[in-house]
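Novice: Have a look at this one before I ask anything.
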Amino acid sequence: MKCSIIITTYNSSDSIRLVLNNLLSIINDKDEIIIVDDGSKDTTCSIIKKINDERIKLIEKNHIGRATALNVAVKNSTGEIILINDADDFSSKIRILESINLISSGYDAVFGQAITFNDFKPKNIELTLKKIDINDINIKKDISLLNKKTLFKTLNLHHSSLAIKKEKLIMIGLYDEKLDICIDLDLYYRFLTNKLNVCTSNKKFIARYYGRTRFYSGYPRKKYSKNLLQMRMKYRKILKPSIFSFIYDLKIYLENFLIK
């Protein structure tokens, strides 16, 4: 199966060369990396253009937003499997092979686990990725299934570990371009409303950079949390999870609106 790795960038000059070198070292010759730059003001695009590899395709846009940028990348891809990779996250050696194996066995989409790091020094990244390989040796349970109980219980899915059949992503309508927050969570809920067969591998797929705040793009914590609760309520009406899942809504509310 041909894989298309999707990356959206915005002022990613600090990380993009390292991320692309990482991906180019683990993908096959037939695979591709589709990058949509959303109007970077730094040297992101010039760095990408200097990397001489036919597997990289750069599309330059001007502030179209994250969801639209992701959709542009998907529409310009030619692979059967779409893999999401953030511009500052690194993929493990096993990620692509494990994703292909699980999708080939009947799953429509696959997530993986993550390990975090906060230093972009190449030596630190190398050690972090080696740690992934060591940690995965002793894993006993291979996968867990995505269902409404687990999705409403907690949000532990890593968007940049996602692999999905392109035809299935198109079938459910791609990313919702009307949203500017929680676009990944909206997608996960639509996996369930469209009855996709989704699993999470218990192996580490990515090393995530947590050096910056997770509430980005100008959205403060409370605004993000408000949108999160509204989305949970929207899909609660459709999916009708257990009443006990309201406990997690209460936890989100208390942590972000009442507890200082």
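Novice: Which residue out of I84, I94, I48 is in contact with a strand residue (DSSP E or B) (Cβ under 7 Å, 6 or more places away or on another chain), of a type in the set (A, V, I, L, M) and open to solvent by 10 Å² or more (accessible area, probe 1.4 Å)? Write out each step before concluding.
Specialist: Details: I84 fails: open to solvent by 10 Å² or more (accessible area, probe 1.4 Å); I48 fails: open to solvent by 10 Å² or more (accessible area, probe 1.4 Å).
When all the criteria are applied, what remains is I94.
Novice: Another question, if that's okay. Where in the stretch 74-181 are the helices (runs of 4 or more DSSP H), entirely inside, with at least 2 residues that are within 14 Å of the chain's Cα centre (by Cα)? Walk me through it before giving the result.
Specialist: Numbers: elements: 95-104, 122-135, 148-153, 166-171.
Helices (runs of 4 or more DSSP H) meeting the threshold: 95-104.
Novice: Against the condition among the polar types (S, T, N, Q), out of contact with any His (no Cβ under 6 Å at 6 or more places or on another chain) and closer than 19 Å to I84 by Cβ, how does S15 come out, does it pass?
Specialist: Numbers: among the polar types (S, T, N, Q): yes; out of contact with any His (no Cβ under 6 Å at 6 or more places or on another chain): yes; closer than 19 Å to I84 by Cβ: yes.
Answer is yes for this residue.
Novice: Then there's this: Go through the stretch 145-184 residue by residue and tally those that are open to solvent by 30 Å² or more (accessible area, probe 1.4 Å), at pLDDT below 90 and not basic (K, R).
Specialist: Residues meeting the conditions: 5.
Novice: If you don't mind, another one. Being surrounded by fewer than 20 Cβ atoms within 10 Å (Cβ to Cβ) and part of a helix (DSSP H, G or I) is the filter here, so list the residues in the stretch 23-45 that pass it.
Specialist: L24, C45
Novice: In the list K234, K251, which residue meets the criterion of being charged (D, E, K, R), at pLDDT 90 or above, open to solvent by 50 Å² or more (accessible area, probe 1.4 Å) and part of a helix (DSSP H, G or I)?
Specialist: Details: K251 fails: at pLDDT 90 or above.
Among K234, K251, only K234 is charged (D, E, K, R), at pLDDT 90 or above, open to solvent by 50 Å² or more (accessible area, probe 1.4 Å) and part of a helix (DSSP H, G or I).
Novice: Return the only residue of Y210, Y216, Y189 being at pLDDT below 90 and either out of contact with any strand residue (DSSP E or B) (no Cβ under 8 Å at 6 or more places or on another chain) or among the acidic types (D, E) (or both). Spell out the reasoning first.
Specialist: On the way: Y210 fails: either out of contact with any strand residue (DSSP E or B) (no Cβ under 8 Å at 6 or more places or on another chain) or among the acidic types (D, E) (or both); Y189 fails: at pLDDT below 90.
One residue alone meets the criteria, Y216.
Novice: What are the pairs with Cβ atoms under 9 angstrom where one residue, in the stretch 109-124, is under 13 Å from D88 (Cβ atoms) and among the aliphatic types (A, V, I, L, M) and the other, located anywhere, is part of a loop (DSSP other than H, G, I, E, B) and open to solvent by less than 50 Å² (accessible area, probe 1.4 Å)? Sequence gap at least six, or different chains.
Specialist: That search, which allows pairs on different chains as well, returns A114/D89; A114/H158.
The values are calculated or read from the model by the stated rules, or taken from the named source; none is laboratory data. Note that this is a predicted model, so its numbers are computed, not measured. Counting neighbours? That spans all protein chains shown, and the Cβs are built from the backbone with ideal geometry, glycine included. These accessible areas exclude ligands, DNA and RNA; they are computed on the full protein's heavy atoms, side chains included. Shrake-Rupley method; radii C 1.70, N 1.55, O 1.52, S 1.80 Å.
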